[in-house]
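Notes follow once the structure below has been shown.
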Amino acid sequence: MISAHSAHQALYQSFQRDQWSELRNSVPMTLNEKDLEQLKGINERLSLAEVTDIYLPLSRLLNLIIKSKQQRSRVLGQFLNNEQPKTPYIISIAGSVAVGKSTTARILQALLQQWPEHPKVELLTTDGFLYPLAELKQKGLMQRKGFPESYDMKMLVDFISDIKSGKANVNAPLYSHLSYDRITDKQQSVVQPDILILEGLNVLQTGLDSSIQTHQPFVSDFVDFSIYVDADYDLLKQWYIERFLQFRDGAFANKNSYFHHYASLNDPTANDIAENIWDTINGPNLVQNILPTRERAHLILRKGRDHLMNQVLLRK
Ligand SMILES: Nc1ncnc2c1ncn2[C@@H]1O[C@H](COP(=O)(O)OP(=O)(O)OP(=O)(O)O)[C@@H](O)[C@H]1O
Ligand SMILES: CC(C)(CO)[C@@H](O)C(=O)NCCC(=O)O
């Protein structure tokens, strides 16, 4: 079997952090005070060096790739003597639970919308496509949340197919981490953005990965550029536990929180519970269903300690 290392070498150009950050010199955009404030609002622990070293070059690369797609569409229009329908450019972000997908997605949204070629950038997580809690319970899937079978994949593929076919207004279900369930009285309406960033564990998965073989299209058939956010297993586990402890001190205190009964736990007990959830659900899901999709991505962002990116791998 081909090793992960040689597959990487064959498929990707690799940049260490300092090599990648040098590419920012070619980025015409700079950040002003207001931008910095907005970015700090995304995550107060986010270091601004991370934005300038990693995300500015990345947003420039994406800007160039998107412009070339727009150019291709104009060329096709010339050839066919018609105007090609404008459809959103779709970027997907995959990776483990707690790796920082939604943070990465929000930073990219903030940066990409600064460019005049694509000012409207919409963000969506696939969490909304998890089956509602009652259905998960009925199907016996409460210990399988995040696994392929816990998502309504047909609904997700239909959604993304509607987006790509240029439908004027497409609704997506929303998820609440507070109630641990799909929100019933509100939807997210996606109205022809220039870019849609779709973030979730499962965006690089295909029906062929699981035992249920289907021949329907996959999410990735509709995605223009895919990113995998990667980190070592032990770090991911640690970040998951840390976030659980933060939630215990914050969101779990809310009476409506699904995990309200965890709010009063002491540190060692909360740590044990988080570790157990990781070891029985999120860890196995990473190993069995998420990590095996990594080499499908166009770009892999590798994080080390403190969420700092130490390597960028770009498809040749
Ligand atoms: N760049 C970063 N710098 C510092 N902390 C970060 C960074 N990115 C994420 N984090 C922290 O890591 C944890 C997970 O982040 P986030 O919620 O973005 O992950 P996720 O992959 O979207 O998780 P999930 O799949 O569970 O929704 C959070 O506690 C967040 O504050
Ligand atoms: C909603 C997902 C599946 C993905 O974000 C995840 O955060 C989750 O709820 N996993 C199930 C186990 C847990 O409570 O962490």
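The values are calculated or read from the model by the stated rules, or taken from the named source; none is laboratory data. Just so it is clear, the model here is predicted, and its values are computed rather than measured. Note that each Cβ is placed from the backbone with ideal geometry, even for glycine, and that neighbours are counted across all protein chains shown. Ligands, DNA and RNA are stripped out before the accessible areas are found, and what is left, the full protein with its side chains, is counted by its heavy atoms. Shrake-Rupley method; radii C 1.70, N 1.55, O 1.52, S 1.80 Å.
Give a quick list of trypsin sites (Lys or Arg not before Pro) in the range 48-92 that DSSP marks as loop, anything other than H, G, I, E or B, with at most 16 other Cβ atoms within 10 Å.
Details: sites: Arg60, Lys67, Lys69, Arg72, Arg74, Lys86; in loops: Lys86.
For trypsin sites (Lys or Arg not before Pro) across the range 48-92 that sit outside H, G, I, E and B with at most 16 neighbouring Cβ atoms in 10 Å, the list reads Lys86.
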Does anyone have the angle between helix 267-277 and the longest principal axis of the chain? Alpha-carbon axes, 0 to 90°, nearest 10? 60
On the protein heavy atoms, probe 1.4 angstrom, tell me the percent of accessible surface of the chain carried by carbon and sulfur. 51
Between the alpha-carbon centers of the range 135-181 and the range 20-51, tell me the distance in whole angstrom. 32
Counting other C-beta atoms within 10 Å, and keeping those with at most 16, which DSSP coil trypsin sites (Lys or Arg not before Pro) do you find in the range 177-269? Lys255
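Would you calculate the volume per residue, in Å³, of the smallest convex hull containing every Cα atom of the range 70-128?
In the range 70-128, the Cα convex hull volume per residue is 106 Å³.
Using the eigenvalues of the Cα gyration tensor, what equivalent ellipsoid semi-axes result for the range 1-112 when each is taken as the square root of five times the eigenvalue, whole Å, largest first?
28, 23, 15
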Using a 10 Å Cβ count of at most 16 others and DSSP loop calls, identify the longest part of the chain lacking such GluC sites (Glu not before Pro). 118-316
The chain: antiparallel bridges as % of DSSP beta bridges, rounded to 5, reads 45
What percent does the relative contact order of the chain come to when contacts are Cα pairs within less than 8 Å and at least six residues apart? 24
Convex hull over the Cα atoms of the chain, averaged projected area in nm²? 18.2
If you take the beta carbon distance between Asn276 and Asp232 as r and set R0 to 22 Å, what does 1/(1 + (r/R0)^6) give as a FRET efficiency, to the nearest 0.05? 0.60
Heavy atoms of Tyr175 accessible to a 1.4 Å probe, total area in Å² rounded to 10: 40
Among Asn169, Asn81, Asn271, which one moves the most in a GNM of the chain with springs linking Cα atoms closer than 10 Å? Asn81
If I ignore ligands, DNA and RNA and count only protein heavy atoms, how much of Met142 is accessible to a 1.4 Å probe, in Å² to the nearest 10? 40
Under a straight-distance cross-link criterion of Cα-Cα below 21 Å, which lysines are reachable from Lys69, leaving out those fewer than 8 residues away in the same chain? Lys86, Lys120, Lys164, Lys167, Lys316
Straight-line reach only, C-alpha to C-alpha below 20 angstrom: list the lysines that Lys137 could link to, leaving out same-chain residues fewer than 8 apart. Lys145, Lys154
Any idea of the accessible area per residue across the chain, 1.4 Å probe, to the nearest Å²? 50
Using C-alpha positions alone, give me the convex hull volume of the range 194-312 per residue in cubic angstrom. 161
Report the net charge of residues surrounding Met142, where surrounding means a beta-carbon distance below 13 angstrom and charges are Lys +1, Arg +1, Asp -1, Glu -1. +1
